[in-house]
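The values are calculated or read from the model by the stated rules, or taken from the named source; none is laboratory data. Note that this is a predicted model, so its numbers are computed, not measured. Here the Cβ positions follow ideal geometry from the backbone for every residue, glycine too, while neighbour counts run over all protein chains shown.
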Amino acid sequence: MTTPPPVLRAHAEQQFASELDALARADDRPRPPSWRMSPWAVATYLLGGRLDDGTEIMPKYIGDRRRIEIAIATVATDRALLLMGVPGTAKSWVSEHLAAAISGDSTRLIQGTAGTSEEQIRYGWNYARLLAEGPSRGAIVPSPLMRGMSDGALVRVEELTRIPADVQDTLITVLSEKTLPIPELGDEVQATRGFNVIATANDRDKGVNELSSALKRRFNVVVLPLPATADEEVEIVRSRVESLGRALEIPAEPPALDEVRRVVTIFRELRAGVTEDGKSKLKSPSGTLSPAEAISVVSHGMALAAHFGDGTLRAADLAGGIQGAVVKDPVQDRAVWLEYLETVVRERDGWKDLYRAGREITA
């Protein structure tokens, strides 16, 4: 029997199985119906901590603890949870880990796009059985939402505002009545205890469809902001890059903290439109320059250093990724980046290597 090849990206419940098992063993607090662990244990899983047996729980989210507690408490009620924020603020990451910790399965997922149909949210049909037998329960192809209702588990809806407005409203009956009608059979699926919905949305990207007032009222909204401090953002990027490096088996040294801090500083200054010392105003590019993009830049730099360098991350490995993240509009953003190179990077002590690498890329 051949061993299956390793997956590129394991689900949260697979990647952190040992932590989830340790938390479940140590958890003696009350659990809501169908939850695999208590709200306290879920918060510890997301925010990190040390258990009595010495097990270290790695933080999955670095930020305001109260927001995570509010999100967990929401899911423990019959209110659905909507995680809002600009792109790259870990909405999907938090959603996945909440589902992994609470239901033990983060794969009941509806990915919102402009092409998401009502059938993808409610249910579809096995047309061979439908033609042979007519409408029946056996001919139904259940959606992740229908399965979550039957199993008493969490369902994730990613990028809710990318789904057309008339399709979004399919969720209203499910969230308010906790039932999914099947009019073809004169039947319905009633949600079992433990079922709930975690949706994510942002209002910065193009193609956003506003939520109707009726649907928005069915959600408790928790906004996940960009990191409040540079140190917090540096730690987010460092820890995620190290984790990705191990998962992808990139044969490079872990990134030096100074290089991570340079990337984070550039992104924070361009986002804010002012330098860290507040002395120089800057033009901001069209992109969000989120921590997710900083993670991508540093991970890409590690791959360059590993395969085309000596394994040590340097400015030349980062310059191309930084420019690619900043310059989304080839005219407007390029001017912003060149101005930043000349007025900030060139004049900053210890950044001459990054200036030279940046000029070589933009030449």
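Details
- Complete set of residues in the range 262-297 that are under 20 Å from Gly309 (Cβ atoms) and either more than 25 Å from the chain's Cα centre (by Cα) or not small (Gly, Ala, Ser) (or both): Arg262, Val263, Ile295, Val297
- Just one of (1) part of a loop (DSSP other than H, G, I, E, B); (2) among the basic types (Lys, Arg); (3) under 22 Å from Arg204 (Cα atoms) fails for Arg271. It is (1).
Residue by residue, here is whether (1) assigned to a loop (DSSP other than H, G, I, E, B); (2) in contact (Cβ under 8 Å) with a residue 40 or more places away in the chain; (3) not aromatic (Phe, Trp, Tyr) holds:
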site	(1), (2), (3)
Asp52	yes, no, yes
Tyr61	yes, no, no
Glu69	no, no, yes
Ile72	no, no, yes
Leu81	no, yes, yes
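- Matching residues, the range 134-165, being among the hydrophobic types (A, V, I, L, M, F, W, C) and part of a loop (DSSP other than H, G, I, E, B): Ala153, Ile163
- The set of residues in the range 239-288 being surrounded by 15 or more Cβ atoms within 10 Å (Cβ to Cβ), more than 17 Å from Gly88 (Cβ to Cβ) and basic (Lys, Arg) consists of Arg261, Arg262.
- Within the range 307-322, the set of residues being surrounded by fewer than 23 Cβ atoms within 10 Å (Cβ to Cβ), part of a helix (DSSP H, G or I) and in contact with a helix residue (DSSP H, G or I) (Cβ under 9 Å, 6 or more places away or on another chain) comprises Phe308, Ala315, Ala316, Gly320, Gly321.
- Odd one out for Val141, checked against (1) closer than 30 Å to Arg31 by Cβ; (2) modelled with pLDDT of 95 or more: (1)
- For the range 172-195, a residue qualifies if it is under 16 Å from Val141 (Cα atoms) and without any contact (Cβ under 8 Å) to a residue 40 or more places away in the chain, and the qualifying residues are Pro181, Pro183, Glu188.
- Enumeration of residues in the range 110-152 that are closer than 26 Å to Ala10 by Cα, surrounded by fewer than 18 Cβ atoms within 10 Å (Cβ to Cβ) and among the hydrophobic types (A, V, I, L, M, F, W, C): Val141
- Scanning the range 289-306 for residues being in a helix (DSSP H, G or I) and either surrounded by fewer than 16 Cβ atoms within 10 Å (Cβ to Cβ) or in contact with a Pro (Cβ under 8 Å, 6 or more places away or on another chain) (or both) gives a total of 6.
- Within the range 44-63, the residues that satisfy the criterion of being closer than 18 Å to Glu232 by Cβ and touching a strand residue (DSSP E or B) at 6+ places or on another chain (Cβ under 7 Å) are Gly48, Gly49.
- For the range 173-210, a residue qualifies if it is part of a strand (DSSP E or B), β-branched (Val, Ile, Thr) and surrounded by fewer than 15 Cβ atoms within 10 Å (Cβ to Cβ), and exactly one does: Thr179.
- Test: Glu235 is of a type in the set (D, E, K, R), touching a Pro at 6+ places or on another chain (Cβ under 6 Å) and surrounded by 14 or more Cβ atoms within 10 Å (Cβ to Cβ): no
- Test: Thr74 is of a type in the set (S, T, N, Q), modelled with pLDDT of 95 or more, more than 22 Å from Lys178 (Cα to Cα) and buried (at least 19 other Cβ atoms within 10 Å of the Cβ): no
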